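To start, the structure under review is shown below, and the notes come after it.
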Amino acid sequence: MGQKITIEPVTRVEGHGKVTIHLDDKGNVRQTRLHIVEFRGFERFVQGRPYWEAPVLVQRLCGICPVSHHLAAAKALDVIVGAGTGDGLTPTGEKMRRLMHYGQMFQSHALHFFHLASPDLLFGVDGDPLIRNVIGVALKHKDLAVQGVMMRKFGQEIIKATAGKKIHGTGAIPGGINKHLSIEERDSFLKGADPMNIDKMISWAQDAVDFFKAYHKENKDFIDGFAAFPSSHLSLVRKDGAMDLYHGVLRAIDADGKKILNDVDYQNYDDYIDEEVKNWSYMKFPYLLELGKENGWYRVGPLARCNTADFIPTPLAQKEFEIFKNYTNGKPNNMSMHMHWARLIETLHAAEMMQELLNDPDLLKDDLVIKGTKVKRGVGLIEAPRGTLFHHYEINDNDQIEMANLIVSTTNNNEPMNRAVNSVAKEYMNGQKEITEGMRNAVEVAIRAYDPCLSCATHALGQMPLEITLFDVHNNMIDKKRS
Amino acid sequence: MAEKLQILIYGYGNPGRQDDGLGNHFVEKVKAWAEEKGLSNLSFDSNYQLNIEDAAEISDKDIVIFVDASIEDIESFELEEITPDAKVEFSMHAVSASYVVHLCRDIYQKSPKSFLLHVKGYEWEFMEGMTAKALKNFEKAFGYIKPMLLNPQKLLDY
């Protein structure tokens, strides 16, 4: 009779989740599964609503990355109002959105590194859980904790200035943006009192990359070997192959670097990607049609983006990108913990992009919106902090949303996260009869590398139920608990 | 002078999820009331949830009142003083009020007197607007907190 061990909760991951590890009769890992209870139903909720409401409505989905949903929806609606497919907006419209997006990327990545990842790195996988958090970082490495706080704050201020407000921002509208940046706002970001200025943010972002490289040098076995496995990678890239987190064409490569999707127009994403439903998970499993359900899964996010892009169009990040690429001799990097490295390179890139944009006079102009001939279908893709985010809308003759389909970044990473958990479970759990704190955290570290987020956006006190379901070796449910 | 104490009222939640917007609603209403009363020592903020940067925001305040919706078994609202806590929670893309206070103390060496006002909510679907019962709870909480804002010594003595 096989045994089953259930680990939960997955701390520091949004939403509801549990990991089940099935042991065989010899005590070795037979099967692992990451179950995440994803809130579905949003697509139905927007049906019947006027299409122009979508960029604000979708922010109800998630209080963690509302900007990504806001912009992906706006990009889809750009198509519907005849404003082009992402590169047809006025210069002010596109650049304000880009600034908003890079502000979001910067603050989200900073949060992940300083708040979620650095405790694992600084205190080790088997570190004391009481200090293995940002409080522990604050006590031992106060400079890092302060930098994390201020980088988050800077990014949030950029979002507020471009989206209009922190909650339910209205900045992006179909066909453009509803405000430009004021001179005062621009100057506050360019020349704000130390440390709240873009020069300091770039400097700190560079320091964070250097911190990781130094850590990597001392901990090569862990960083290179932990939860490493080959995979395909997918992201947007600019038409010339550059990393572009706001807009581009869809590129997918396999574990050896061979192109599977060769820079295709994402308006036709459903010609290339489908989603599989599995009976043990509420979250779907996207896959590339060309490779089929079994082999078509792929990774998205910082690691995937650094693998698919040919170069990064800002100098400091490009320099770090070259070091990153040279580490694997130009081949795709399939090491899960290098996700942190890639994320920090992107953080630096986002800071450089913000500086470039803030110095662009187009941000101060008032030519904000463009519209053309309306069509009934639009798809908007964006590289959200956690990976490629898909928004697809179709409207009827009354301008109501008739169909919506969203593939969120974490869903794209569903299978890779399961693979990562499986890899770590086999390494740490084989032959073990009980779960130590270190072993449990090893599983969580593997998941955290992907920075999954399944927030249902409701966080009221006490509102975080976790479900434990037990099945016997014949897959019969023998117990179910809800915390 | 207690009336000169700098007080931050920080409501959080998602107003697109019915009663989860109680914290934000509270801030809107108290802000309007404070402007009417000319209470210049009060400042306000709202967000979907709390996060680490809020440690910086509260660091120059004397008193902080976080306001959130609650599904816990309480009468209508509760005001409790926050004890700093470094506890890691399941959901850590957002942090608790006690975590923010703890972080503020550790990295800024500041400990504003901090409270959590939790107001009972009932419905959490994808809809704007709060339930009538939640709004009643808000009114009660608002009525309770007003005298304290007019005389912050009451908060210091709480």
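Which one of these is within 11 Å of chain A (Cβ to nearest Cβ), at pLDDT 90 or above and on the phi > 0 side of the Ramachandran plot: B:Q18, B:Q109?
Answer to the check: B:Q109.
Can you find a residue in the stretch B:134-153 that is more than 9 Å from chain A (Cβ to nearest Cβ), modelled with pLDDT under 90 and over 29 Å from A:M150 (Cβ atoms)?
Going through the stretch B:134-153, the residues more than 9 Å from chain A (Cβ to nearest Cβ) turn out to be B:134-153.
Retained after the next criterion (residues that are modelled with pLDDT under 90): none.
Scanning the stretch B:134-153, I find no residue that is more than 9 Å from chain A (Cβ to nearest Cβ), modelled with pLDDT under 90 and over 29 Å from A:M150 (Cβ atoms), so the answer is no.
What's the number of the only condition in (1) closer than 21 Å to A:P230 by Cα; (2) surrounded by 17 or more Cβ atoms within 10 Å (Cβ to Cβ) that A:G330 fails to meet?
That leaves (2) as the condition not met.
Looking at the stretch B:62-77 only, could you name the residues that are in contact (Cβ under 8 Å) with a residue 40 or more places away in the chain and facing another protein chain (nearest Cβ under 10 Å)?
First, pick out the residues of the stretch B:62-77 that are in contact (Cβ under 8 Å) with a residue 40 or more places away in the chain: B:62-72, B:74-77.
Correct list: B:D68, B:A69, B:S70, B:I71, B:E72, B:I74.
Which ranges mark the helices (runs of 4 or more DSSP H) fully within the stretch A:209-313 that have 2 or more residues being closer than 22 Å to A:N422 by Cα and among the hydrophobic types (A, V, I, L, M, F, W, C)?
A:220-225, A:302-308
Could we say that A:G176 is in contact with a strand residue (DSSP E or B) (Cβ under 6 Å, 6 or more places away or on another chain) and surrounded by 16 or more Cβ atoms within 10 Å (Cβ to Cβ) here?
Here the answer is yes, as A:G176 does meet what is asked.
Yes/no matrix, rows are residues, columns are (1) at the interface with another protein chain (Cβ under 7 Å from one of its Cβ atoms); (2) within 13 Å of the chain's Cα centre (by Cα); (3) modelled with pLDDT under 95:
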{"residue": "B:W33", "(1), (2), (3)": "no, no, no"}
{"residue": "B:F44", "(1), (2), (3)": "no, yes, no"}
{"residue": "B:L50", "(1), (2), (3)": "no, yes, yes"}
{"residue": "B:A86", "(1), (2), (3)": "yes, no, yes"}
{"residue": "B:H93", "(1), (2), (3)": "yes, no, yes"}
{"residue": "B:S96", "(1), (2), (3)": "no, yes, yes"}
{"residue": "B:C104", "(1), (2), (3)": "no, no, yes"}
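Can you pull out every residue in the stretch A:347-383 that is among the small types (G, A, S) and at pLDDT 95 or above?
Passing the criteria: A:A350, A:A351, A:G378, A:G380.
Sort out which residues of the stretch A:333-375 are in a helix (DSSP H, G or I) and exposed (fewer than 15 other Cβ atoms within 10 Å of the Cβ), and write them in order of number.
Of everything in the stretch A:333-375, those that are in a helix (DSSP H, G or I) and exposed (fewer than 15 other Cβ atoms within 10 Å of the Cβ) turn out to be A:P361, A:L364.
Kindly check whether there is at least one residue in the stretch A:418-432 that is under 30 Å from A:Q107 (Cα atoms), buried (at least 21 other Cβ atoms within 10 Å of the Cβ), at pLDDT below 80 and not assigned by TED's automatic domain parsing to the domain that holds A:F114.
No, the stretch A:418-432 has no match at all.
Are any residues in the stretch A:83-115 of a type in the set (A, V, I, L, M, F, W, C), in contact with a His (Cβ under 9 Å, 6 or more places away or on another chain) and farther than 14 Å from A:I64 by Cα, and if so, which ones?
Selection gives A:M96, A:M100, A:F113.
Go through the stretch B:125-134 and give me each residue that's in contact (Cβ under 8 Å) with a residue 60 or more places away in the chain and either surrounded by fewer than 20 Cβ atoms within 10 Å (Cβ to Cβ) or under 21 Å from A:Q59 (Cα atoms) (or both).
Matches in the stretch B:125-134: B:E125, B:F126, B:M127, B:E128, B:G129, B:M130, B:T131.
Cβ-Cβ below 7 Å, separation at least six or inter-chain, first residue in the stretch A:209-232 and loosely packed, with under 12 Cβ neighbours inside 10 Å, second outside any strand (DSSP E or B) and among the aliphatic types (A, V, I, L, M): which pairs?
A:P230/A:A255
Could you check, for the stretch A:384-398, whether at least one of its residues is in contact with a helix residue (DSSP H, G or I) (Cβ under 6 Å, 6 or more places away or on another chain), modelled with pLDDT of 95 or more and in a helix (DSSP H, G or I)?
No, every residue in the stretch A:384-398 fails to be in contact with a helix residue (DSSP H, G or I) (Cβ under 6 Å, 6 or more places away or on another chain), modelled with pLDDT of 95 or more and in a helix (DSSP H, G or I).
In the stretch A:199-214, which residues are hydrophobic (A, V, I, L, M, F, W, C) and farther than 12 Å from A:M150 by Cβ?
A:I202, A:A208, A:V209, A:F211, A:F212, A:A214
The values are calculated or read from the model by the stated rules, or taken from the named source; none is laboratory data. Here the structure is a predicted model, which means the values were calculated and not measured. Please note: Cβ atoms are built from the backbone with ideal geometry, for glycine as well, and neighbour counts cover all protein chains shown.
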